[in-house]
Amino acid sequence: MTDIHGPTSHNYFSQRLRLHYVDWGNEEAEPLLMVHGGQDHCRNWDWLAQEMRDDYHIIAPDLRGHGDSQSMVGGSYGSFYFVYDIHQLLHQTKMTPVNIIAHSMGGHICLRFAGVYPELVKKMVVIEGLGMNQERAQKYESKPIHERVRAWEANLRKTSGRNKRRYATLDDAINRMLEANPHLRPDQARHLTIHGAHQNEDGTYSWKYDNYVRTGNPGGISTEQSHELWSNITCPVMLVRGTESGRSAPEEDGRLAHFQNATVVNVEEAGHWVHHDQLGVFLEHVRPFLAD
């Protein structure tokens, strides 16, 4: 495996939180923002960034509550708080208009950002970032609001009593990473674990994300409002899906129709982390799309 020459590490502030991002240099080049998914971290982009750093000025943040960014205390992980964080990073680094590659929850966030600020985004590649399909979303939204709030509160109390899972050794954490994504090579899993876990005082290892990021938000916007934001995006969008992820195809379930200018790429032999599972194929699609 080729050694990865890493990026520089930086901090910025958003809503009084100290948030972390990495910068791959090449400041004279066209800007490219890479945004990770839930329970992940900015160094999950290392292989992709290494391939693209000669052509773009790449920055990649750790979202609040993830990686080396601070966690919320008594606050929210609602999607528009993440949107604000992304906007604040781009505002401070003066990197707009920007190209974006985002994964999963990061894609969900960046689609909302682009719907609110379409003039700030040149092109977007979104990997498995459309969220739950319409059937599941409608089932959730059909529940009375008092039931949704009660379930959310119960989940918060349950989360407050949870301790982070501890792994006796780094190898145990790596094995858990391989269980979560069997497409990963052992060297990939090791790299992701080294950057995605910290060693506790007792010598065990835990993942670098706040358990509260999974508690949800009962007061989020509706599916119809989300689709309205998608329809407000003016830049070209590439929606990437791994055929083995279990997610529905947006060209078949109706979600593609809510975009002005979007195409779908289905990647075979890839799960939820397409950029890990089939990096070469992913680059074959992404490079000409961004360069066009």
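Read the figures in this text as sums done on the coordinates, not as results from a lab. Note that the coordinates shown come from a computational prediction; the quantities given were computed from them, not determined experimentally. Reconstructed Cβ throughout: ideal geometry from the backbone, glycine too, with neighbour counts over all protein chains shown.
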Practice prompt. Pop out the ³J(HN,Hα) list for the range 147-154 in order, Karplus 6.51 cos²θ - 1.76 cosθ + 1.60 with θ = phi - 60°, rounded to Hz; leave Gly and Pro as x.
Written response: 5, 5, 5, 4, 5, 5, 4, 4
Item to complete: Treat the count of other C-beta atoms within 10 Å as a stand-in for reagent exposure and order HIS103, HIS191 from fewest to most.
Response: HIS191, HIS103
Practice prompt. Rank these for me by crowding, LYS158, LYS208, LYS122, LYS164, going from fewest to most other beta carbons within 10 Å.
Written response: LYS158, LYS164, LYS122, LYS208
Discussion item. Taking the number of other C-beta atoms within 10 Å as the exposure measure, put PHE80, PHE113, PHE259 in order starting with the fewest.
Written reply: PHE80, PHE259, PHE113
Worksheet entry | VAL265 long-range amide H proximity, modeled H, under 5 Å | LEU239, VAL240, ARG241
Item to complete: Please compute the net charge surrounding TRP45, taking Lys and Arg as +1 and Asp and Glu as -1 over other residues with Cβ under 13 Å from its Cβ.
Response: -3
Practice prompt. Using a cut-off of 14 Å between beta-carbons, work out the net charge of the residues near GLU27 (Lys and Arg +1, Asp and Glu -1, GLU27 not included).
Written response: -3
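What is the magnitude of the charge dipole of the range 149-207 about its Cα centre, with +1 placed on the Cβ of each Lys and Arg, -1 on the Cβ of each Asp and Glu, and no other charges, expressed in debye to the nearest 20? Walk me through the numbers before you get to the answer.
Numbers: 10 positive and 7 negative charges, 75 e Å.
Around 360 debye, computed over the range 149-207.
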Worksheet item: Mean separation of Cα pairs under 8 Å and 6+ residues apart, divided by the residue count of the range 8-291: what relative contact order is that in percent?
Response: 18
Fill in: Other-chain or far-sequence residues with amide H under 5 Å of PHE259's (modelled H)
none
Item to complete: Calculate one ³J(HN,Hα) per residue across the range 84-94 by plugging θ = phi - 60° into the Karplus curve 6.51 cos²θ - 1.76 cosθ + 1.60, and present them in order as whole Hz with x for glycine and proline.
Response: 4, 4, 5, 4, 5, 4, 5, 5, 6, 8, 6
Worksheet item: So what is the 222 nm mean residue ellipticity for the chain from helices alone, if each DSSP H run of at least 4 adds -39500 (n - 2.57) and you divide by all residues, rounding to the nearest 500 deg cm²/dmol?
Response: -11000 deg cm²/dmol
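Packing-wise, with mean Cβ within 10 Å as the measure, how do 145-153, 238-246 rank, highest first?
Final packing ranking: 238-246, 145-153.
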Discussion item. I want the local charge near MET105. Using Cβ-Cβ distances under 15 Å, sum +1 for each Lys or Arg and -1 for each Asp or Glu among the other residues.
Written reply: -1
Worksheet item: Once phi is turned into θ = phi - 60°, what whole-Hz ³J(HN,Hα) does the Karplus curve with 6.51, -1.76 and 1.60 give for every residue of the range 60-72, x standing for Gly and Pro?
Response: 9, x, 8, 4, 3, x, 10, x, 9, 8, 5, 9, 6
Item to complete: Treating only the Cβ atoms of Lys and Arg (+1) and Asp and Glu (-1) as charged, compute the dipole magnitude of the chain about its Cα centre; round to the nearest 20 debye.
Response: 1300
Worksheet item: With charges set only on the Cβ (+1 for Lys and Arg, -1 for Asp and Glu), what does the dipole of the range 40-140 come to about its Cα centre, in debye to the nearest 20?
Response: 340
Worksheet item: Out of PRO218, TYR84, TRP273, whose Cα points farthest toward the positive end of the dipole of the chain (charges: +1 Lys, Arg; -1 Asp, Glu; placed on Cβ)?
Response: PRO218
